[in-house]
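Undergrad: This is the structure I want to talk about, given as structure tokens.
The values are calculated or read from the model by the stated rules, or taken from the named source; none is laboratory data. Values in this document were obtained by computation on a predicted structure and should not be read as measured data. All Cβ positions, glycine included, derive from the backbone under ideal geometry; neighbour counts span all protein chains shown.
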Amino acid sequence: MSIARLAARSLRSAAPRSAVARSLSSRPGVTMFSEEENMVRDMAASWCEQELKPHVRAMDTKGEMQPEIVKSLFDNGLMGMEIPEQFGGSGMNFTSACIAIEEIAKVDPSFAILVDIQNTLTNNAIRFWGSQELQDEWLPRLATDCASSFCLSEAGSGSDAFAMQTKADLSADGSHYTINGTKLWISNSSEAGVFLVFANADLSKGYKGITAFVIDAKTEGISLGRKERKLGLRASSTRPVTFENVKVDAKNVLGEVGQGYKYAIEILNEGRIGIGAQQLGIAKGAFNATMPYLFERKQFGTRIGDFQMMQQQYSQLATEIHAVETMMYNACRMKEAGVPFIKEASMVKLYSSQVAEKVASKCIEFCGGVGFTEDLMVEKFYRDCKVGSIYEGTSNIQLQTIAKLISKEY
């Protein structure tokens with residue numbers, strides 16, 4: 001039984017909530033979760049401990065994911081969190097998806113980004129804008145056995161994503177498009193069974209020609225380039241994806257022709273909250289791996305964690321981690337409430353990457369020489385966090401977005 005179905009069944013059979021719980025339900029704190037959400041957290045943590053944790057170091061060293069662990073993500077409902085149950089998904093809310101991402105990132109951020117892209121980008125894009133035919137075809141697979149990749153960036157279009165040159169030419173009879181171009185730095189490309197591809201159907205219109213396509217990874221003409229050798233997230237595949245005269249049926253257009261830029265912007269706002277969840281998990285993972293050591297190791301006859309200077313430092317880190325947690329889940333609740341959340345998404349994406357890097361760096365220092373080795377997992381969290389300030393919108397882009405929105409308030 002999937003994690004979500006088990007949680008839902010347990011919730012339905014649970015006893016009525018206490019008076020205290022009922023009083024909190026009117027306006028709970030953003031880091032106070034429903035029974036169902038807490039069960040998702042517990043089950044995701046249990047899955048990580050049993051299925052993922054024993055293999056993390058080996059996969060990082062080898063630079064690839066074990067297929068059976070990816071399969072286990074599907075089997076436990078973690079890849080279709082918001083997909084309705086009628087399509088085989090878990091039918092959960094956005095907060096639950098971010099809870100799962102956070103928990104997985106505490107153990108292996110490489111798997112967290114796989115779950116993040118699947119749930120906050122691809123699945124939701126098809127749910128929001130896909131035709132009934134596309135939903136019927138792909139949502140059941142995305143929920144049960146098909147990983148995905150989000151193909152936006154190119155050599156000449158990173159932060160300026162809409163300078164892309166990948167073309168989609170419509171056939172004379174209007175039945176299909178022919179796509180040519182190369183996408184770079186595409187996460188999950190080795191595992192993906194489907195690509196969400198952005199290509200320009202009319203270069204004369206600039207970004208207003210950009211159109212989104214849902215393309216089966218087995219389509220003739222698609223090829224993967226060399227796997228990138230990265231600082232971190234080594235188990236996560238990142239490769240160029242080339243489209244050479246790839247024929248795509250017109251029915252595989254996501255939403256409307258020429259609206260791809262709009263869809264990309266809107267879905268990336270959600271994705272940035274997901275990155276915040278990943279970075280929060282990294283910060284917590286590094287902190288959790290370090291704190292026991294501080295109370296086991298003694299210097300000058302005193303536990304390291306009892307020195308006043310150390311207390312001040314880890315107290316500061318814990319405070320900043322809690323600030324990220326509050327920001328991230330506040331953005332989740334705003335998104336679910338249907339109120340504007342773009343500024344908050346950019347803020348948490350920006351700040352979470354800063355805090356994750358700070359926490360991981362300080363934790364290495366706290367552990368001394370052993371922190372600089374692979375004996376502890378702290379060095380891996382340090383390597384894995386750095387890309388948080390780069391992908392799904394660099395920190396400079398987030399600052400620009402935040403400033404633009406603030407200026408409109410005055």
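Undergrad: Would you point out the residue of region 204-235, among those that are among the hydrophobic types (A, V, I, L, M, F, W, C) and touching a helix residue (DSSP H, G or I) at 6+ places or on another chain (Cβ under 9 Å), that is nearest to Q66 (Cα to Cα)?
TA: Taking the candidates together, the pick is A235.
Undergrad: Moving on to the next point. Scan region 183-200 for residues that are in contact with a helix residue (DSSP H, G or I) (Cβ under 9 Å, 6 or more places away or on another chain), crowded, with 21+ Cβ neighbours inside 10 Å and not in a strand (DSSP E or B) and report the count.
TA: The qualifying residues number 1.
Undergrad: Which is among the small types (G, A, S), outside the structural domain of E64 (by TED's automatic domain parsing) and on the phi < 0 side of the Ramachandran plot, of G276, G221?
TA: G276
Undergrad: Further, regarding this structure: I'm trying to understand the selection: among the residues of region 131-152, which are over 24 Å from L52 (Cβ atoms) and surrounded by fewer than 21 Cβ atoms within 10 Å (Cβ to Cβ)?
TA: Residues satisfying the conditions are S131, Q132, E133, L134, Q135, D136, E137, P140.
Undergrad: Looking at (1) outside any loop (DSSP other than H, G, I, E, B); (2) surrounded by fewer than 24 Cβ atoms within 10 Å (Cβ to Cβ); (3) among the polar types (S, T, N, Q), which is the only condition S159 fails?
TA: If we test S159 against (1) outside any loop (DSSP other than H, G, I, E, B); (2) surrounded by fewer than 24 Cβ atoms within 10 Å (Cβ to Cβ); (3) among the polar types (S, T, N, Q), just (1) comes out false.
Quick grid of which residues meet (1) crowded, with 22+ Cβ neighbours inside 10 Å; (2) within 30 Å of F162 (Cα to Cα); (3) among the hydrophobic types (A, V, I, L, M, F, W, C):
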| site | (1), (2), (3) |
| --- | --- |
| R303 | no, no, no |
| M310 | no, no, yes |
| Y314 | no, no, no |
| S353 | yes, yes, no |
| E365 | no, no, no |
| K386 | no, yes, no |
| N396 | no, yes, no |
| L399 | no, yes, yes |
| E409 | no, yes, no |
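Undergrad: Sticking with this structure for a sec: I need a count of the residues in region 204-216 that are part of a helix (DSSP H, G or I) and either of a type in the set (S, T, Y) or in contact with a strand residue (DSSP E or B) (Cβ under 7 Å, 6 or more places away or on another chain) (or both).
TA: Adding up the residues that qualify gives 3.
Undergrad: Quick one: is G338 among the small types (G, A, S) and either surrounded by 14 or more Cβ atoms within 10 Å (Cβ to Cβ) or modelled with pLDDT under 95 (or both)?
TA: When the stated conditions are applied, G338 does not pass them.
Undergrad: Now a separate question. Return the pair list, or none, for Cβ contacts closer than 7 Å from residues in region 379-393 that are assigned to a helix (DSSP H, G or I) and among the basic types (K, R) to residues that are modelled with pLDDT of 95 or more and surrounded by fewer than 23 Cβ atoms within 10 Å (Cβ to Cβ), at least 6 apart or on different chains.
TA: K380/D60; R383/L231; R383/G232; K386/L231; K386/G232; K386/E357
Undergrad: I would also like to ask the following. Could you list, in sequence order, the residues of region 32-63 that are assigned to a helix (DSSP H, G or I) and surrounded by fewer than 16 Cβ atoms within 10 Å (Cβ to Cβ)?
TA: E35, N38, D42, S46, E49, Q50, K53, P54, R57, A58, T61, K62
Undergrad: On to the next question. For region 165-187, check the following and say yes or no: at least one residue is touching a Leu at 6+ places or on another chain (Cβ under 9 Å), closer than 26 Å to E51 by Cα and among the small types (G, A, S).
TA: Yes: region 165-187 contains one or more residues that are touching a Leu at 6+ places or on another chain (Cβ under 9 Å), closer than 26 Å to E51 by Cα and among the small types (G, A, S).
Undergrad: Looking at (1) on the phi > 0 side of the Ramachandran plot; (2) of a type outside the set (S, T, N, Q); (3) under 19 Å from the mean Cα position of the chain (by Cα), can you tell me which one E336 breaks?
TA: Every listed condition holds for E336 apart from (1).
Undergrad: Restricting to region 298-340, what's the tally of residues that are in contact (Cβ under 8 Å) with a residue 12 or more places away in the chain, over 27 Å from I273 (Cα atoms) and either of a type in the set (D, E, K, R) or not assigned by TED's automatic domain parsing to the domain that holds G276 (or both)?
TA: 0
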